[in-house]
Amino acid sequence: MGVVTQTGIAGLTLGGGLGWLRRKYGLSCDSLISVDLVTAAGEVVTAGTEHDQDLLWAVRGGGGNFGVVTSFEFRAYPVGPDVYFAQVLHAGADARAVLRSYGEWAVTAPDEISSFAILWHAPEIEEIPAEHHGTPIVVFVAMHSGDAARGEAELRPLRDIGSPIADLSGVQPYLDVQRFFDEDYPAHTMRYYWKSRYLTGLPDELIDMLVKRNEISPSPHCTLDVWQLGGMLSRPGARDTAFGDRSAPFLLGIEANWESPRDDEACVEWARGVYAALAPFSTGAEYLNFPGAYEEHDRMMRTTFGDNLDRLAALKRQYDPDNLFRLNQNVRPD
Ligand SMILES: Cc1cc2nc3c(=O)[nH]c(=O)nc-3n(C[C@H](O)[C@H](O)[C@H](O)COP(=O)(O)OP(=O)(O)OC[C@H]3O[C@@H](n4cnc5c(N)ncnc54)[C@H](O)[C@@H]3O)c2cc1C
């Protein structure tokens, strides 16, 4: 699953799938064992580890290009019921120092931990001291998917970074962690525009840029999310699944989130500005489930899929030669 419970499992898995278990068990599509799929010709195909393996390879990251998936079979894992969940908030004045420490910690953390460093503006909630309300902050959120006591010990180094303005960490039901972000993404009442880029690292120049861009974000709901990658997610080779290269240690999610249509232009422009400024720090690839408005479509497909794009195009010619399924991150058959 992703980290917001209402997100559809279908599109999420077909595009990869990043959740709280990503560093322990990989992408959602890595746990996909088989799919039933209706092809453009109206045929029902079951693709799995024994039949139509090429098609299973393609739907592990290649999106909705090959047909309508009517059934997903996943490998499942025991988690919880309780897990240790860290939530640590830092003042904007400390942002550069704590992000530098986070970057050093994140690349050595155990696979059970999946975390984010989020640049944001403090909401007006009682857990955060009033003098910080509405000001830029950095929030670390991290889940340890193993035994809760071990989780507490292994998340201690993250909580020991700097001098937090609030530390709300503790043992929680896994299902509550899974719902943690839900209230930040109400359907229908907010407006969203998201892009992303995989990062080669978290150098000081990048941290400086992110801190400055967060300070000028046009809505207090906008965030810049450093997704910790690595662990099991990074172990399959670039050609093992359609998803492509997995070597980046971080993904930077650019989230323009806002309330009024009056702010559409400013928020989209802010996100595009961050996206452009990230170029020197990026692998070139991006997460295709956060595609903005597909503006960079052709370049994004080539840099993200790399050589896999040619194999995907060959399968597209086989399963959907007329490009019936094209309203997506489109693999063209020609
Ligand atoms: C609030 C929110 C939070 C998110 N959080 C995360 C996250 O934590 N991790 C993450 O990895 N992503 C996340 N995403 C991105 C998410 O992965 C994509 O938006 C994804 O497309 C959602 O899947 P869906 O089934 O709702 O897709 P839809 O919006 O219904 O469809 C998107 C595309 O997916 C394909 N598709 C969908 N269903 C099928 C099907 N049955 N057969 C074939 N093709 C299909 C089609 O190409 C379709 O155009 C989030 C998105 C939102 C809005």
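Alpha carbons only, please: Rg and Dmax for the chain, in angstrom.
20.0, 62
7 Å from Cα along Cα→Cβ at both Asp334 and Thr5: what's the point-to-point distance in nm?
The two pseudo-label positions are separated by 4.7 nm.
Tell me, Lys24, Lys316 in order of fewest to most beta-carbon neighbours within 10 Å?
Lys24, Lys316
Considering only DSSP states other than H, G, I, E and B, which GluC sites (Glu not before Pro) in the stretch 1-73 qualify as loop sites with at most 16 other Cβ atoms within 10 Å?
Passing both the DSSP loop test and the Cβ count: Glu43, Glu50.
Got a sec to turn the phi values of the stretch 67-72 into Karplus ³J(HN,Hα) couplings, 6.51 cos²θ - 1.76 cosθ + 1.60 with θ = phi - 60°, whole Hz, x for Gly and Pro?
Ordered by residue, 3J(HN,Hα) equals x, 8, 7, 9, 7, 10 Hz.
Any chance you could give the angle, 0 to 90 degrees and rounded to 10, that helix 264-277 forms with the longest Cα principal axis of the chain?
Computed tilt is about 90 degrees.
Using just the helices of the chain, give the 222 nm mean residue ellipticity in deg cm²/dmol: DSSP H runs with n ≥ 4 each add -39,500 (n - 2.57), and the total is spread over all residues, rounded to 500.
Value at 222 nm, helices only: -8000 deg cm²/dmol.
Select from Pro280, Thr70, Trp57 the residue farthest towards the positive end of the dipole of the chain; place +1 on Cβ of Lys and Arg, -1 on Cβ of Asp and Glu, and compute about the Cα centre.
Going by the Cα projections, it comes out as Trp57.
Given H placed 1.01 Å from N in the peptide plane, which residues other than close sequence neighbours of Ser34 have an amide H under 5 Å from its amide H?
Amide H to amide H, under 5 Å and 5 or more residues apart or across chains, Ser34 pairs with Glu73.
Roughly speaking, what is the stretch gain from Asp264 to Val44, that is 0.36 nm per residue apart minus the C-alpha to C-alpha distance, in nm to one decimal?
Extra length from Asp264 to Val44 when fully extended: 75.0 nm.
Rounded, prolate or oblate: which fits the stretch 292-334 when a ≥ b ≥ c are the square roots of the eigenvalues of the alpha-carbon gyration tensor, with rounded for a/c under 1.5 and prolate only if a/b beats b/c?
Here the stretch 292-334 falls in the oblate category.
Which ³J(HN,Hα) values, rounded to whole Hz and listed in residue order, are derived for the stretch 314-324 from phi using the Karplus coefficients 6.51, -1.76 and 1.60 in 6.51 cos²θ - 1.76 cosθ + 1.60 with θ = phi - 60°, glycine and proline given as x?
Taking θ as phi minus 60°, the curve returns 5, 5, 4, 4, 6, 9, 8, x, 9, 6, 4 Hz for the stretch 314-324.
Which FRET efficiency value, to the nearest 0.05, is calculated for Asp184 and Val107 with the Förster distance at 22 angstrom and r the Cβ-Cβ distance?
The pair Asp184/Val107 has a calculated efficiency of 0.25.
Work out the length of the dipole vector of the chain about its Cα centre, built from +1 on the beta-carbon of each Lys and Arg and -1 on the beta-carbon of each Asp and Glu, and round it to the nearest 20 debye.
The calculation lands at about 740 debye.
Using the charge dipole of the chain (Lys, Arg: +1 at Cβ; Asp, Glu: -1 at Cβ; taken about the Cα centre), state which of Gly244, Ile216, Gly134 has its Cα farthest towards the positive end.
Positive-most Cα among the choices belongs to Gly244.
Rule-based calculations on the coordinates, nothing more; no lab input. Please read these numbers as outputs of a predicted model, since none were measured by experiment. Reconstructed Cβ throughout: ideal geometry from the backbone, glycine too, with neighbour counts over all protein chains shown.
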